[in-house]
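What follows is one structure encoded as structure tokens, with my remarks underneath.
The values are calculated or read from the model by the stated rules, or taken from the named source; none is laboratory data. Quick caveat, the model's predicted, so the values are computed rather than measured. We place every Cβ from the backbone using ideal geometry, glycine too, and count neighbours over all the protein chains shown. Note: areas computed on protein heavy atoms with side chains; ligands, DNA, RNA excluded. Shrake-Rupley method; radii C 1.70, N 1.55, O 1.52, S 1.80 Å.
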Amino acid sequence: MGNKPNPERPQSATLIMDAQMIANEAWYTTGDIMQLFKISRSSVYRLRMSKQLPSCQLGGTIVFPKSLINKVLLDKALSQAKGFFEE
């Protein structure tokens, strides 16, 4: 049996970060995300597990790349403003 794509399951996008991108990236901790979004630790976990917040594990610590979190916030703001500007 070959590895055929499952049409019911979307293919995940892969973000490739080179060493320079990682070295220059600023990282949020779970506590930072809790303060930024004013949400609980369990909400951060739920958003991370549902892939709504990009994250990775460095050692034993879960971290969130600041540039991607800012993109999430910007996308959310733009989607909310879209209806406002169309009226």
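Residues in segment 69-83 that are modelled with pLDDT of 90 or more and open to solvent by less than 50 Å² (accessible area, probe 1.4 Å): Ile69 alone.
Looking at the structure I just gave you, is Gln57 outside any helix (DSSP H, G or I) and modelled with pLDDT under 90?
yes
With respect to (1) open to solvent by 80 Å² or more (accessible area, probe 1.4 Å); (2) under 16 Å from Lys71 (Cα atoms), the lone exception for Leu53 is condition (1). Looking across segment 27-50, the residues that are within 13 Å of the chain's Cα centre (by Cα), surrounded by 10 or more Cβ atoms within 10 Å (Cβ to Cβ) and outside any helix (DSSP H, G or I) come down to Trp27, Tyr28, Thr29.
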